[in-house]
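First up is the structure itself, then whatever we jot down about it.
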Amino acid sequence: PIYLKFKGGKGVATAIGVMLILMPKALLTSLICFLIVILIWRMVSLGSLLASVLLPLWGGLWGYPKPCVILSGIIALFIIIRHKANIKRILSGTESKMGKIEKGLNA
């Protein structure tokens, strides 16, 4: 947003809103994958990336129209681009995990 000097989220919440209308079953399936990743690896960014990449696959498997599946692929590409720094941290093993964040908030 302008009032945040164009600094803010990475588009995941907006993508969820769009896909909730266009491909609800595929979105739900991706959100289940997101939750599984968070429960196992405790990384929200990894969950977001995996869920966004899997969304076009789920869309195709659930039989959604091709334009919706293509749009979800384009959105996934934008999310990957916006998560470039997170991907580098995941690969280097320095990405924040939820447990560390929770401990910091409770201190």
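The values are calculated or read from the model by the stated rules, or taken from the named source; none is laboratory data. Quantities reported herein were computed from a predicted structural model and do not represent experimental measurements. Because the Cβ atoms are built from the backbone with ideal geometry, glycine has one as well, and the counts that use them run over all protein chains shown. When the accessible area is computed, the model is the full protein with side chains, heavy atoms only, and any ligands, DNA or RNA have been set aside. Shrake-Rupley method; radii C 1.70, N 1.55, O 1.52, S 1.80 Å.
Which helices of the chain meet both criteria: a Cα extent of 18 Å or more along the helical axis and a mean Kyte-Doolittle score no lower than -1.0, with helices taken as whole DSSP H segments?
24-41, 44-61, 66-82
So, for the chain, what is the accessible surface per residue at a probe of 1.4 Å, expressed in square angstrom?
Dividing the accessible area of the chain by its residue count gives 68 Å².
Mind scanning Lys25/Lys66; Lys25/Lys97; Lys10/Lys66; Lys10/Lys88 and naming the pairs with a C-alpha gap bigger than 21 Å?
Going by Cα-Cα distance, Lys25/Lys97; Lys10/Lys66 fall outside the 21 Å limit.
How much accessible surface does Cys33 have with a 1.4 Å probe, in Å² rounded to 10?
Answer for Cys33: close to 30 Å² accessible.
Can you work out the PRE-style zone for Cys33? Point 7 Å along Cα to Cβ, and I want the residues of the stretch 80-98 with backbone N under 16 Å.
The answer is 80-81, whose backbone nitrogens lie closer than 16 Å to the label point.
Dividing the alpha-carbon radius of gyration of the chain by 2.2 N^0.38 Å (N being the number of residues), what value is obtained?
1.14
Rounded to the nearest percent, how much of the accessible area of the chain (1.4 Å probe, protein heavy atoms only) is carbon and sulfur?
Carbon with sulfur: 74 percent of the solvent-accessible area.
Compute the distance in nm between two label points, each set 7 Å from the Cα along the Cα-to-Cβ direction, one at Val18 and one at Ile80.
It works out to 1.6 nm between the two label points.
Can you put Lys10, Lys84 in order of accessible area, largest first, using a 1.4 Å probe?
If we order Lys10, Lys84 from most to least accessible, we get Lys84, Lys10.
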